[in-house]
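The values are calculated or read from the model by the stated rules, or taken from the named source; none is laboratory data. All of these numbers come straight from a predicted model, not from anything done at the bench. Here the Cβ positions follow ideal geometry from the backbone for every residue, glycine too, while neighbour counts run over all protein chains shown. All accessible areas refer to the heavy atoms of the entire protein, side chains included, with ligands and DNA or RNA removed. Shrake-Rupley method; radii C 1.70, N 1.55, O 1.52, S 1.80 Å.
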Amino acid sequence: MKNIAPLRGSHLLAATAAMAICVGIALPSAAFGQQSKPIAEVLRQPLPPEDLTLQASESQMVITGPTFTYTVNRNTGAISGLEVRRDGKTILRLQEADFAIDDYHLSRANSGATQVTAKGTDRIVLKTDAQLPAPAAGRPSIAYTLTNTFFNDGVVVAELELVPAADVTIAKEIGHRLLVDGPLHRYLHKTRGSIFPDKIDRLPKPGDSLTMGGLTSCLQVFSHDAALAMFTDVGATHCSGKPSKSASIESLPADGNSARVRLCQQIVDVGEGGDTYRLKAAEPFRLRFGISVAPNRLPHPRRHDLRMFIWVGDAKHPYPTSAEIRQAAQLGFTLFQMHRLGTPGLPRPPAGELQRVIKEVHQAGMLFLWTANADLMYANAPDVVDLVARDKWVLWQGFNYGGHYQATMDPYCNTLATCLASPNGLAGYRVKTLQAMMEQFQVDGMYIDDNLAYGNCTLWKEHSHPRPVYDCLIELHEMNWRRRQAIREHCPHAVLVDHCSKGVVLPDICDFDVHLFGEGYSFPSVSAYWDLIASVQNMDAQGSLFAGDSETVRCSAALAYNFDLLTGGGQYTYLDWRLWPAKFPYASGVRKEEHLFVRHDNLAQYYFGLYESTPNYFADAEGRFSTSAPDTFATVYRNDTWGDCLIPLANMAKEPRATRLAISNLDVLGLSADARYALFDVNARTSRVVSGKQLAEGIDPVTLPAQGLRLFCLRQLPTGTAVHLWGGKRISERRDPASGDLTVQLLAPAGVNDTVVFAVQGKTVRQVRVAGKPAEFFHDPTTGLVHGELVFDAAPVSLELSLSDIAKDSLPAKPLAGDELAQYLKIGD
C-alpha cells in the first residue's frame with residue numbers, strides 16, 4: 001500500500017473445534033425446515049481440491065489439474081495440447097503451439113526422451129533431452145534440454161537450454177507462438193522495465209493484428225470467463241531492423257462469442273536491415289518461457305463475501321481492543337487483517353496480545369490475516385540481522401523506497417527493501433517464517449502488500465537474473481505459489497489477498513483469492529471498472545477497492561459501493577484510520593458519514609448472503625432488465641436458497657437521477673408474471689406489493705443520490721402467511737401449514753442492533769416471540785409491515801410470528817422510519 005506512506009509497512013484446527021471457536025453457534029437441525037449455512041461456517045469450508053494428476057503413454061504425457069489439462073509430446077517435450085474448463089465445459093483450447101528458431105521448430109524435434117523428475121499433487125516436472133534436426137544442408141543440429149514445471153495453479157514454466165553443434169546465425173527470429181480459441185475480449189502487455197501493463201485494451205477485430213515493442217515480459221488475453229498469458233524472462237534480447245517487434249497479437253475469424261487469437265513473444269526479432277544474432281557453437285543459450293491460464297482452480301462459495309477490515313494502528317496502539325474488533329465485525333466484515341504485525345511467526349510486542357486478538361477475531365466470526373510484503377523484510381528478522389552484520393545484505397537487497405521504509409508514526413515498522421526474486425535463500429527463509437507462523441498461531445491466511453513485478457533490481461549478477469533489466473515475474477509467481485502451498489498445509493480454508501493495484505498480470509496474481517486494486521483509485525466509469533475486474537473474475541477471485549489517503553482524486557465510500565455492488569459484492573476494504581479518525585489522525589479526507597455507507601452496504605450483503613446467490617450483472621442486462629435514465633445501472637442478485645432478490649440501483653452521474661427499473665425477462669431471474677412480490681426499499685424501509693407483470697412493465701421511478709445507490713429486496717409473497725424481508729441473515733424458516741405461523745432463525749454479527757422487518761399477506765400478526773418470549777414488535781399502518789428492534793447475539797435468534805384471521809393486527813401501530821443512511825441522504829423526503 002505504497003500510496004499511503006505511513007501505512008507501509010497455526011496449526012490446523014479440527015472442524016468441530018473451529019466451529020466452536022470461530023462461529024460459536026449451534027446450527028439448526030434439518031427438521032427445522034429450509035435453511036442456510038452461517039457465513040462463518042462458509043468461510044471455513046476447505047478449499048476445493050487443487051491437485052495434479054499425470055497419465056503417461058508411449059507418445060504423450062497428460063497433466064490434469066482442477067480446471068485444466070496440458071498434453072506434452074514425449075518425443076519433443078513441447079506442449080501439444082491445452083484445454084481449460086469452467087463449470088465442467090471446455091472454454092479455452094490451444095490449437096497450435098510452437099517455439100521457432102528461424103527454420104528450426106521445437107515441435108519437429110526428434111530422438112527425444114522425456115522423463116518425470118518430480119511428481120507431486122502440487123507440482124510435476126518433466127525433463128526432455130532431444131535434438132533439433134538441421135532444417136537444411138549446411139545448417140547444424142541443435143541439442144537441447146527442456147524442463148517443464150507444471151504447477152497446480154495452471155502455470156507451466158519451461159526452461160530451455162540450446163547447445164548448437166556449430167554457430168547458428170539467426171536471420172529472422174527466436175519466438176514463442178500460441179494459437180488459442182475461447183471467449184476472449186481484451187489483452188494486456190507488460191514489459192520487464194515497467195510495474196504495470198504498458199497496454200490494456202480490446203482485442204483487434206478479426207483479420208486485424210497489432211505489434212508491441214519494449215522488453216516483453218507478459219502478453220495476456222482475457223475476459224470475465226477465461227484468460228491465457230504467455231511470458232518469458234528474456235523477451236526482446238535482440239530486436240533490430242524495421243519493422244521490429246517484441247510481441248504481437250493476430251485475431252482470426254471465429255464463431256459466436258469466441259475469439260481465435262495468435263499470440264507471439266520474440267526473444268530475437270530481426271527486421272529489414274537489422275543485425276543478425278548468433279548462437280555460438282557448444283555455448284549454451286538459456287531462457288525461460290511459460291503459460292498461465294484461468295480459471296485455474298475451482299470456485300469457493302465464500303468468493304463474494306471476503307469483506308476485509310485492516311488494522312494499521314500506530315506505536316501507541318499496535319493492537320486493537322476487544323471492542324474495536326467487535327465493531328469491525330458489526331460492520332459486516334469477514335476478514336480482519338493486521339498490517340504491521342512483524343515478520344510472520346514473530347509478532348510485535350507486547351507478548352500475548354496476538355493470541356488475544358486472534359481469539360477475539362474468531363469469536364466475532366471473522367478470519368484473521370497476517371500481513372507481509374513481497375518487497376520488504378523487517379529489519380529485526382533474525383536472518384536479516386545476520387546478513388547485515390556479515391555485510392552480506394547485497395544477497396537479498398532490493399531498491400524500492402530507496403532501499404528502506406520506516407513508518408513515521410510507528411518506528412516498529414522498520415523494513416529493508418528486498419529483491420522480488422527472493423534470491424540466495426530468501427525464498428526459503430520466507431517459507432520457514434510462514435511455517436513457524438502457522439505452527440504457533442491460528443492464522444487463516446495472509447495479505448501480501450505490493451505484489452507487483454517491478455523491474456528495478458540492479459544486482460542482476462548477484463541475484464542470478466538473466467538480464468540487467470528484469471522484473472522477477474517468474475520467481476515472484478513461484479514465491480506466491482510456495483506461500484499458498486505452505487499455508488494451505490496447515491489451514492485448508494486459507495485466504496490469500498494481494499495488493500496488485502492495476503498490475504493484474506498472470507502468473508503473479510493467480511495464487512490469490514482477493515486482489516486489492518488500489519488505495520483510493522477511482523475509475524472513469526463502471527464499465528472501466530468492469531473491464532479491470534475481468535482480470536480477476538476469470539480466476540473466480542474477488543476484487544477489492546480501498547479508501548485512499550492523500551490522493552487528489554479519491555473514490556469515496558459511496559461511489560466505491562456502486563462499483564462493488566454492481567460487480568459482485570464484497571469488494572470495499574476499510575481500515576481503522578478512517579473508522580476512528582480522532583484516535584488515528586493520519587488519513588486525510590475522512591468524511592464523518594463514511595461509516596454509514598460501510599455499515600449499511602456491508603450488512604446488506606451479510607444479510608442477503610452473497611455466498612449462496614447468483615449475480616446477474618449490469619453488463620449482461622440486455623434482454624433481461626434495464627434502467628431508464630442515463631448513467632444508472634442495476635445488478636440483480638438471486639439467492640439460490642430462498643429465491644429472493646437483492647437489487648442495487650446505482651447512479652454514476654454527479655447529480656441525482658430518477659430511474660425506472662424494468663425486468664423484461666422474468667424467467668432468467670426465477671420470477672413469475674403471475675406471482676405477487678414484496679418490493680422492499682432497504683434504505684427507506686418502505687414496501688409495496690407488486691406483481692411479476694408490473695415488474696416486467698417497469699416499477700415507478702426512484703430517485704438515486706448523486707454517485708450513490710439504493711438497495712431493494714424482492715421476495716415472493718404467498719397469501720395467508722408472513723415472510724421475513726430484512727434484518728439479520730435468514731438461517732432457517734418454517735411455516736405451520738394450517739395457521740401460516742412463521743418461525744424463522746436470524747443471524748447477524750454479535751452486538752448488531754437493527755430493525756427486523758416482515759411482510760404479511762392475508763393474515764394479521766397476533767404476537768411475535770423472540771427466543772420463546774413475547775417481544776415488542778409493531779405494525780406500520782401505512783405499509784402493513786411488521787417490525788421490531790433486535791440486538792443480535794453470536795447464535796441465531798429464533799422469532800415466532802403467530803398469525804390470525806382477524807382483520808386487525810394485535811400489535812401496536814408505529815410507522816417504520818428509514819435508517820440513518822436514508823436520513824442522511826434524505827431518501828423519502
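General remarks:
- Antiparallel %, DSSP beta bridges [both residues in the chain], to 5: 85 percent
- For segment 702-720 and segment 631-651, distance of Cα centres in Å: 9 Å
- Estimated FRET transfer efficiency (Ala427, Ala653; beta-carbon r; R0 45 Å; 0.05): 0.40
- Gyration tensor verdict on segment 751-829 (Cα atoms; rounded if a/c is under 1.5, prolate if a/b is larger than b/c, oblate otherwise): oblate
- Note that segment 682-751 presents 33 Å² accessible area per residue, ligands and nucleic acids not counted, probe 1.4 Å.
- Dipole of segment 190-288, positive direction: furthest Cα of Ala227, Leu215, Leu252, with charges on the beta-carbon: Leu215
- Segment 529-596 and segment 255-297 have Cα centres spaced 38 Å apart.
- Averaged over its residues, segment 522-642 has an accessible area of 29 Å² per residue, based on protein heavy atoms and a 1.4 Å probe.
- Protein-only accessible surface order, largest first, of Lys502, Lys205 at 1.4 Å: Lys205, Lys502
- Protection proxy ranking of 754-762, 732-740, 568-576 - average other beta-carbon atoms within 10 Å, highest first: 568-576, 754-762, 732-740
- With the charge dipole of segment 377-441 set up from +1 on Lys and Arg Cβ and -1 on Asp and Glu Cβ about the Cα centre, the Cα lying farthest toward the positive end among the listed residues Leu420, Tyr405, Val385 is that of Leu420.
- Carbon plus sulfur fraction of accessible area for the chain, probe 1.4 Å, in percent: 50 percent
- Solvent exposure of Glu96, expressed as accessible area, is near 100 Å², computed with a probe of 1.4 Å over the protein chains only.
- Computed over segment 87-161, Kirkwood Rh from alpha-carbon pairs, angstrom: 14.3 Å
- Charged-residue dipole, Cβ positions (Lys, Arg, Asp, Glu), segment 759-829 about Cα centre, Debye nearest 20: 280 debye
- Between segment 198-252 and segment 305-356, the C-alpha centres lie 42 angstrom from each other.
- Simple Cβ-charge dipole of segment 149-268, Lys/Arg +1 and Asp/Glu -1, about Cα centre, in debye nearest 20: 440 debye
- Per residue, the accessible area of segment 210-342 comes to 32 Å², computed with a 1.4 Å probe over protein heavy atoms only.
- Taking the average, over residues, of other Cβ atoms within 10 Å as the packing measure, peptides 227-239, 182-194, 386-398 rank 227-239, 182-194, 386-398 from highest down.
- When the helices of the chain are scored as -39500 (n - 2.57) per DSSP H run of n ≥ 4 and the total is divided over every residue, the value at 222 nm lands at -4500 deg cm²/dmol.
- Assuming charge only on the beta carbon of Lys and Arg (+1) and of Asp and Glu (-1), the dipole of the chain about its Cα centre is about 360 debye to the nearest 20.
- Of the residues Val469, Thr782, Thr635, the one whose Cα sits farthest towards the positive end of the charge dipole of the chain is Thr782 (charges of +1 on Lys and Arg Cβ, -1 on Asp and Glu Cβ, taken about the Cα centre).
- Taking packing as the residue-averaged number of other Cβ atoms within 10 angstrom, the listed peptides 241-250, 280-289 run from highest to lowest as 241-250, 280-289.
- Prolate/oblate/rounded call for segment 671-725, Cα gyration tensor, a/c under 1.5 rounded: oblate
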